[in-house]
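The values are calculated or read from the model by the stated rules, or taken from the named source; none is laboratory data. Keep in mind that what you see is a predicted model, and the values were worked out from it rather than measured. Quick reminder, even Gly has a Cβ in these numbers, built from the backbone with ideal geometry, and neighbours come from all protein chains shown. In case anyone asks, the SASA skips ligands and DNA or RNA and just uses the protein heavy atoms, side chains included. Shrake-Rupley method; radii C 1.70, N 1.55, O 1.52, S 1.80 Å.
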Amino acid sequence: MSELTIRSATDDDWPRIWPFFDAIVRAGETYAFPADLTLESGRQWWMEQPPSYTLVAVDADGTVLGSAKWGPNRPGRGGHVATASFMVARAAQGRGIGRALGEHVVDAAREAGFDGMQFNAVVETNIPAVALWRALGFQVVGTVPGSFDSVAHGKVGLHVMYLSFVPG
């Protein structure tokens, strides 16, 4: 993989995230976001505000190859567990961008003092994502059957995946 920088996303990054965000959402295989999002309405679904973060993975020439958002899974009494979402541009898939973003976010959440990270909705037919999260130590703690309407597969399950940061 060429030189990769992972950094906080800025407002100027959104127009560079939007093309792959839009393509991934419209494909209907991995995110339960509305399919008719626009450049502006999509921003509200991806560009986080504190206490959450949005990141970009950028190559040496400044091309945004992927993005992640992460922060507390729930407010208040659920705020000790983090959550995250990831997207990688189709042209950059298979180059380790998702793994680099995943490792970065897991490390950042651990360093920020979260007890663990929970993914609320990993589509069970998204085999590369499930394999990556398992490789990073996540476990499927449950699957909600038929809760995602995949364009290609019909109604499939959503995995809840969890990685504890607490020793023992």
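Just a few scattered comments:
- The chain shape via C-alpha gyration tensor axes, a/c threshold 1.5: rounded
- Adding -39500 (n - 2.57) for every DSSP H run of four residues or longer, then dividing by how many residues the chain holds, sets the calculated 222 nm ellipticity at -8500 deg cm²/dmol.
- Stretchable slack from residue 115 to residue 77, in nm (0.36 nm times residue separation minus alpha-carbon distance): 12.5 nm
- Bridge type composition, the chain - antiparallel percent by DSSP, nearest 5: 95
- Separation of the residue 27 and residue 139 label points, Cα + 7 Å toward Cβ, nm: 3.0
- A 1.4 Å probe run over segment 14-116, with the rest of the protein chains in place, finds 49 Å² accessible per residue.
- Only protein atoms count toward the accessible area here, which uses a 1.4 Å probe; on segment 1-46, the carbon and sulfur part of that area reaches 55 percent.
- Lys, Arg +1 and Asp, Glu -1 on Cβ, resulting dipole of segment 18-168 about Cα centre, debye, nearest 20: 260
- Divide the volume of the convex hull around the Cα atoms of segment 4-79 by the residue count and you get 104 Å³ per residue.
- Rough spin-label spacing in nm, given labels placed 7 Å along Cα→Cβ, for residue 10 and residue 164: 4.2
- Extended-chain gain in nm, criterion 0.36 nm per residue less alpha-carbon gap, residue 39 and residue 149: 37.3 nm
- With the alpha-carbon atoms of segment 105-168 aligned to their principal axes, the span from lowest to highest coordinate is 39, 19, 18 Å, starting with the largest.
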